[in-house]
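Each remark here refers to the structure printed beneath this line.
The values are calculated or read from the model by the stated rules, or taken from the named source; none is laboratory data. All values reported here derive from a predicted model rather than from experimental measurement. Cβ: placed from backbone, ideal geometry, glycine included. Neighbour counts: every protein chain shown. Accessible surface is based on the protein model in full, side chains and every heavy atom, while ligands, DNA and RNA are left aside. Shrake-Rupley method; radii C 1.70, N 1.55, O 1.52, S 1.80 Å.
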Amino acid sequence: MIRFTIRSFRNRLLLGMLLTLLVIQSFSVAHDMLDHRAAFLSALERECAMVLTLASQALAQPMWDFDSTQIENILASVISEGHTSQVQLFDQSDNQLLIRQAEGYTPAADDLQASQMITYQIGTQFEELGRLEITLSTAGIAAPLWDAMLHHLLTSLGVLILIGLLTFLVLSRLSRPLSQISAAMNDIRHERFTGEIPGLERHDEIGGLAQALDQLRRHKIEVAELRAESDESARRAHKRIQRALQSTRDGVLLADETGEVVLCNPNGELFFGDAKIGRPLNLRSWLPPDLADLAENHIQLNQSFAFEATTPHSLSGHVLNLLVRGGPIRDEHGFYLGSMLLASDHSDQARQAERVRFLAEHDSLTGLPNRRLMEQTLKTWLQQENEEVSILLADLDHFKQINDTLGHPAGDALLQVVAHKFESCASTYVMAARLGGDEFAILVKGADSLTRLTNIANRLVAEMAQPQEVNGQVLHTGMSAGIATLSGPQAKPSEGIRRADLALYEAKRGGRGMVEVFHADLETEIKRKSLLERELRQALRQGDIRPVYQVQTDLQSGAVIGFETLARWHHRQLGTLSPAEFIPIAEDSGLIRELTYQIMTQAFQATARWHAAGFQGRVAVNLSPKLFGTQVDEFVNDCLYETNCPASAVEAEITETVVLASGQSALREIQALQELGVTVALDDFGMGYSSLSYLQKFPVDKIKVDAAFVSKLPESEETRAIVGAITELGHALGMRVTGEGAETDLHRQLLQACGVDYLQGYFDGPPLTERAATARLFPGQPLNRQG
């Protein structure tokens, strides 16, 4: 059954052809009709001319004779015969003489009119008798003209129908394979690949089209199979990502470029306040205003950021310590797509770090703040404008005798009793601390700090002068105290402690059980400092300060892995001076750079010789905090270049004072040292106020546990826990750990049990000269240098 729809290509082509033929036929019919009308009019004109000529000739004689009857008969015959509708006769003056009309004639604008003069010949002369005018109506040709047009229309219609039928049949046969191919293409478009492609056996254009379509179908089948595999793979990958986001402990949040949350995993909903998919990102629902402002500014500027924040858990209400990181999301062309927030719950680590920091900042026996916390508090109070701070240093009289006679447990119990007395004095502006051993301290802030502290000191001394009942035993001891006062941000905490220490020494020298306030007569030590500064300048000019090398060994193998370079000054009158005495003088007087240069160049020359001989360890040099901020990396690099010493053979030791004093500038210089190839170690670790908080920010390679911890390892379980925690923390951050001040085999065993990597101290012998160190490294080999 043939179906006719206007959307079919075949039918549209057929309709187009028929319309074209119809237009052509219409033009042909119109042209023929015009030709027929022109032919009829031409015949009518010829008839009019002939009738006019004959009638004019017939009327000449009767008009000459004035025979009106004959004239009327002639005019009547003209009307009765032919197609003449009207005849008029005019005289010489063009006056109408007669008019005759055919019955039923009505004048029309398109009637054919013609006239001719009537003449009568007399000899050779012609006499004008009048004028004859006849009118032929064109209405007479309408009927034959219509008959001709109707005949032509019927003929054209028949021809058009015949051509249309023939064209329809031909197009139907030609379009059938195209329709079949179109149906096959529609199946392919809807991914129905079961049918066959028609026309593959043909060798004409239809066959070529069918073959191309068959190749397309095969390609589509392959693509569909690959897409199905890819969709399955993508579905599994999406499922894995969803599972990972749901199971991770981190909070993950994605927001689009408008700030609307488009992804938030379960932990993200717990960490990020009221964050829900479809809601605007609201940082202020869970962040403090300052951090929210910071994060919003970075997000608006399409910048990455990271900070720590505390926020309550949305279900339990517990305070969480979060590490929040964020940054922009961009496509492969760099266009901004939105922002991402990641939050890691570091609450356990923060509590552990807080515990370790508390242990590092407080005395494990008494719970009082230790020396470093006291010094940091003193520095903080002095930085406050116009604040006066008084410092008390005290120690117990005859404490060693109690330890020796009654044992360390009795001594520890007494220390706890004393600590309780000191702690009872503490308040907002009063801080009590244990500095170590039997040494205690009190800080008092305020305008009348000296008077208040003197009263506190007198009361404590009086109480300690009384017998103390400890664990059922009555102990007789006493206490001496020294006081000094500082004020203003220019005051140096170390100077105040030094003055209080001088006052304490004076109190002990005066007979113990006394309170002494620092005064001008105690400036003897200051005079000694001035003397030592002058002597130090001369010693540097003469090269009297020499390096010695303290061995560092591997706790597992016992092998020498390096040395620490120490400065030694043998004065001709004062004898051997401790670095603890002359290095602070060098720092205060601006001589530390020259002193470091001399020690460092000598140490680097020795290191270069040792490495040339096959030693693979490192030699450590101490870098004073005073050197930082003066391009210390270039200073070290110049010394390395001057001595031809490899940077990989050198280790730079810094203290936390560098971190506290220089901040980010110190970080840049530390990184510059590491870029040279120098290893960086953090010295005296564990005793500082901020060691733990800065350890993660300053990328040192090694940490050295302070000797104060190592010395207490045999007697203190808490100290062993602290050293173990420090070692574990260092290893977790990819750092090696050295224990300083090891003097006995028990120290070595306990450090090894704590997981410490290296040992340094008198257990391996005293510091060595270069000659002795060379002999230690290369026994039995000839020495290239004497030292």
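When Ser80, Ser716, Ser578 are compared by accessible area at a 1.4 angstrom probe, the order from most to least is Ser80, Ser578, Ser716. If you wrap the tightest convex hull around every Cα atom of segment 1-155 and split its volume per residue, you get 156 Å³. A simple count of charges around Thr485, restricted to other residues whose Cβ falls under 9 Å of its Cβ and scoring Lys, Arg +1 and Asp, Glu -1, yields 0. Computed over every Cα-Cα pair of segment 195-237 and binned at 5 Å starting from 0, the pair-distance distribution P(r) comes out as 6, 23, 17, 14, 11, 10, 8, 6, 3, 1 percent. Oblate is the label for segment 320-389. Its Cα gyration tensor axes, ordered a ≥ b ≥ c, give a/c of at least 1.5 and b/c at or above a/b. Using only Cα coordinates, the Kirkwood hydrodynamic radius of segment 226-319 works out to 14.9 Å. Using only Cα coordinates, the Kirkwood hydrodynamic radius of segment 168-286 works out to 19.0 Å. Approximating the spin labels as points 7 Å out from Cα along Cα→Cβ, the Ala108-to-Ala39 distance works out to 2.0 nm. Each Lys and Arg Cβ is given +1 and each Asp and Glu Cβ -1; about its Cα centre, segment 359-490 then shows a dipole of about 100 debye. Ordering 243-253, 639-649, 99-109 by mean Cβ neighbour count within 10 Å, with the highest value first, yields 639-649, 243-253, 99-109.
Assuming R0 = 45 Å, can you tell me the calculated FRET efficiency for the pair Ala775 and Gln752, based on Cβ-Cβ distance, to the nearest 0.05?
E(calc), rounded to 0.05, equals 0.95.
All C-alpha to C-alpha distances of segment 604-679, sorted into 10 Å bins beginning at zero, yield P(r) values of 20, 51, 23, 5 percent in whole numbers.
Computed over the chain, the P(r) curve from all C-alpha pair distances, binned at 10 Å from the origin, holds 2, 9, 12, 13, 11, 8, 5, 4, 4, 4, 4, 4, 4, 4, 4, 4, 3, 2, 1, 0 percent per bin. In summary, segment 725-787 shows an alpha-carbon radius of gyration equal to 1.45 times the 2.2 N^0.38 Å reference for compact globular proteins.
Over segment 184-268, give the accessible area per residue in Å² for a 1.4 Å probe, as an integer.
Values: 5910 Å² over 85 residues.
Ligands and nucleic acids excluded, the figure is 70 Å² per residue.
First select every other residue whose beta carbon is under 15 angstrom from the beta carbon of Leu254; then total the charges, Lys and Arg +1, Asp and Glu -1. Once positives and negatives cancel, what remains is -2.
At a 1.4 Å probe radius, carbon and sulfur cover how many percent of the accessible area of the chain? That share works out to 53 percent.
Toward the positive end of the charge dipole of segment 561-653, with +1 on the Cβ of Lys and Arg and -1 on the Cβ of Asp and Glu, the farthest Cα among Ala613, Ile592, Ser624 is that of Ala613. Given a cut-off of 27 Å, name the pairs among Lys626/Lys704; Lys400/Lys626; Lys379/Lys626; Lys421/Lys527 whose C-alpha atoms lie farther apart than that in the structure shown. Beyond 27 Å between Cα atoms: Lys400/Lys626; Lys421/Lys527.
Overall shape of segment 364-434 was characterised from the C-alpha gyration tensor. The equivalent ellipsoid obtained from it has semi-axes of 29, 11, 10 Å, in decreasing order.
Mind running the shape call on segment 470-560? Use the C-alpha gyration tensor, a ≥ b ≥ c as the square roots of the eigenvalues: rounded below 1.5 for a/c, prolate if a/b tops b/c, oblate otherwise. All intermediate terms of the calculation are to be shown ahead of the outcome.
Values: a/c = 2.49, a/b = 1.23, b/c = 2.02.
Oblate.
Computed over all pairs of different Cα atoms, the Kirkwood value for the hydrodynamic radius of segment 508-602 is 15.9 Å.
What is the calculated FRET efficiency for Gln96 to Met50, with r their C-beta to C-beta distance and R₀ = 30 Å, to the nearest 0.05? So the FRET efficiency works out to roughly 0.80. The distance linking segment 451-501 with segment 57-106 is 167 Å (Cα centroid to Cα centroid, whole angstrom).
Rounded to two decimals, what ratio of Rg to Rh does segment 577-636 give with C-alpha atoms and a Kirkwood Rh? Write out the running numbers ahead of the final one.
Working: Rg = 13.3 Å, Rh = 12.8 Å.
Using only Cα positions, Rg/Rh for segment 577-636 is 1.04.
Taking all protein chains into account, the per residue accessible area for segment 55-105 stands at 58 Å² (1.4 Å probe). Here the dipole of the chain is about 3320 debye; that uses its Cα centre as origin and unit charges on the Cβ of Lys and Arg (positive) and Asp and Glu (negative).
Solvent-accessible surface (1.4 Å probe) assigned to His519 amounts to roughly 70 Å². Ordered by solvent-accessible area of protein heavy atoms (1.4 Å probe), largest first, the residues Phe698, Phe518 come out as Phe518, Phe698.
Taking all protein chains into account, the per residue accessible area for segment 443-514 stands at 49 Å² (1.4 Å probe). Measuring from centroid to centroid over Cα atoms, what is the spacing of segment 622-637 and segment 322-376 in Å? Each part's Cα centre sits 29 Å from the other's.
Near Asn95: Cβ cut-off under 13 Å, other residues only, Lys/Arg at +1 and Asp/Glu at -1. The net charge is -2. If I fit a long axis through the Cα atoms of helix 347-361 and take the longest principal axis of the Cα atoms of the chain, what angle between them do I get, 0 to 90°, rounded to 10? Tilt of helix 347-361: around 30 degrees.
Can you classify segment 264-414 as rounded, prolate or oblate using the Cα gyration tensor, where a ≥ b ≥ c are the square roots of its eigenvalues, rounded means a/c under 1.5, and otherwise it's prolate if a/b beats b/c and oblate if not? Let's see the in-between values first.
Values: a/c = 3.71, a/b = 2.46, b/c = 1.51.
Prolate, since a/c reaches 1.5 and a/b exceeds b/c.
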